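The values are calculated or read from the model by the stated rules, or taken from the named source; none is laboratory data. Since this is a predicted model, take the numbers as computed values, not measurements. Positions of Cβ are backbone-derived with ideal geometry, glycine not excepted, and every protein chain shown enters the neighbour counts. Ligands, DNA and RNA are stripped out before the accessible areas are found, and what is left, the full protein with its side chains, is counted by its heavy atoms. Shrake-Rupley method; radii C 1.70, N 1.55, O 1.52, S 1.80 Å.
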Amino acid sequence: MKHFIITGASRGIGYSLAVSLAAPGITLHITARGDLGGLLDIVSKRGASAHAYQFDLSRTDGITVLTDEIFGNISMPEATYIGLVNNAGMLHPIGPMGKHDTEHYRQNLEVNFVAPALLMHEFVKRTAGFSGELRVLNVSSGASQNAYHGWSHYCSTKAGLDMLTDCLHLEHRDRIKTYGFNPGRTDTQMQDEIREQSPEDFQYVQSFIEAKSQGKLNSPDTVAGMMKIVLTEDRFEPGKMVSVRDF
Ligand SMILES: NC(=O)c1ccc[n+]([C@@H]2O[C@H](COP(=O)([O-])OP(=O)(O)OC[C@H]3O[C@@H](n4cnc5c(N)ncnc54)[C@H](OP(=O)(O)O)[C@@H]3O)[C@@H](O)[C@H]2O)c1
């Protein structure tokens, strides 16, 4: 049995990835705050087993309980593969630093950086001694390498996530294949939210409006298909930041 743990599966890229991986012999462990019932139905019709975990990743003091539940549903002797996809992410708060409530910045840091960091730690710890294949895929962004005015916490947390990818590869490459993945501009709710911003909060908003109207956004299904390749084939060297441009 192959197991895929996917955060942020209620919509967007994570939802498409769960659907594209669903098949007999696959068990999906999907997390989000929102309703995952519809996705459970779809993936089980495709022959996959699935477990849903309704969990707010900004509450990182609960990560140990979440991973207790997930790994309680993974029978190690029967598993041949366990993959972790840190996909959940949030852009907000958008606007120059100092504008929003501290609580919103805290949530951004927890969801984009602290939660994936702790999930990776739990994954490494709980799979010690596992003899099957292990992979981790961290969903990054072009914003991890470029400062965007108005996206301070998003850019910084994605940069931190890239460094976690590098560190995990450095420390555990003997048993875990670790990858970063940059999906590029993809047509999800995150892009809807970007286009709603005022130019004061996000000065590049017009370029994102134009990209959508010119049909330049990637479809979440296409991006998910590429992520499936990274997770299941050996086309890319572990430790690498894979981008949609690499396909
Ligand atoms: N779309 C793009 O253009 C783009 C570009 C570069 C990188 N990315 C990255 O791609 C990944 C997926 O983004 P997307 O475009 O698919 O975004 P999306 O449509 O907004 O989906 C985000 C997912 O993250 C989950 N999430 C957000 N806050 C959460 C929280 N507090 N607790 C648990 N889950 C939470 C959401 O679930 P709930 O709200 O139900 O909790 C949802 O399933 C993100 O890491 C994003 O940074 C996207």
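Within segment 170-189, residues that are among the β-branched types (Val, Ile, Thr) have Cβ atoms under 8 Å from residues that are open to solvent by 60 Å² or more (accessible area, probe 1.4 Å) and within 7 Å of the ligand (Cβ to nearest atom) in these pairs: THR188/ARG11, counting only partners at least 6 apart in sequence or on another chain.
Tell me, yes or no, whether segment 228-240 has at least one residue that is touching a strand residue (DSSP E or B) at 6+ places or on another chain (Cβ under 7 Å) and modelled with pLDDT under 95. Walk me through how you get there before you give the answer.
Just the residues of segment 228-240 that are touching a strand residue (DSSP E or B) at 6+ places or on another chain (Cβ under 7 Å), to begin with: 230-231, 236, 238-240.
Those left that are additionally modelled with pLDDT under 95: 240.
Yes; the residues of segment 228-240 include at least one that is touching a strand residue (DSSP E or B) at 6+ places or on another chain (Cβ under 7 Å) and modelled with pLDDT under 95.
Can you work out which of the residues in segment 43-58 that are open to solvent by 30 Å² or more (accessible area, probe 1.4 Å) and out of contact with any helix residue (DSSP H, G or I) (no Cβ under 6 Å at 6 or more places or on another chain) is nearest to GLN107 (Cα to Cα)? Looking at the filtered set, the residue picked out is ASP56.
The single residue among ILE30, ILE5, ILE70, ILE26 that is touching a His at 6+ places or on another chain (Cβ under 9 Å), away from the ligand (no atom under 16 Å from the Cβ) and closer than 22 Å to PHE130 by Cα turns out to be ILE26. Tell me whether segment 103-114 contains one or more residues that are modelled with pLDDT of 95 or more, of a type outside the set (A, V, I, L, M) and touching a strand residue (DSSP E or B) at 6+ places or on another chain (Cβ under 6 Å). Checked segment 103-114: no residue is modelled with pLDDT of 95 or more, of a type outside the set (A, V, I, L, M) and touching a strand residue (DSSP E or B) at 6+ places or on another chain (Cβ under 6 Å). Residues in segment 32-61 that are closer than 13 Å to SER20 by Cα and touching a Ser or Thr at 6+ places or on another chain (Cβ under 9 Å): 3 in all.
With respect to ILE94, determine if the residue is over 15 Å from the mean Cα position of the chain (by Cα) and not in a loop (DSSP other than H, G, I, E, B).
Values: over 15 Å from the mean Cα position of the chain (by Cα): yes; not in a loop (DSSP other than H, G, I, E, B): no.
Taking the combined requirement at face value, the residue does not satisfy it.
Only one of the numbered conditions (1) in contact with a Gly (Cβ under 9 Å, 6 or more places away or on another chain); (2) more than 8 Å from the ligand (Cβ to nearest atom) is not met by SER10, and that is (2).
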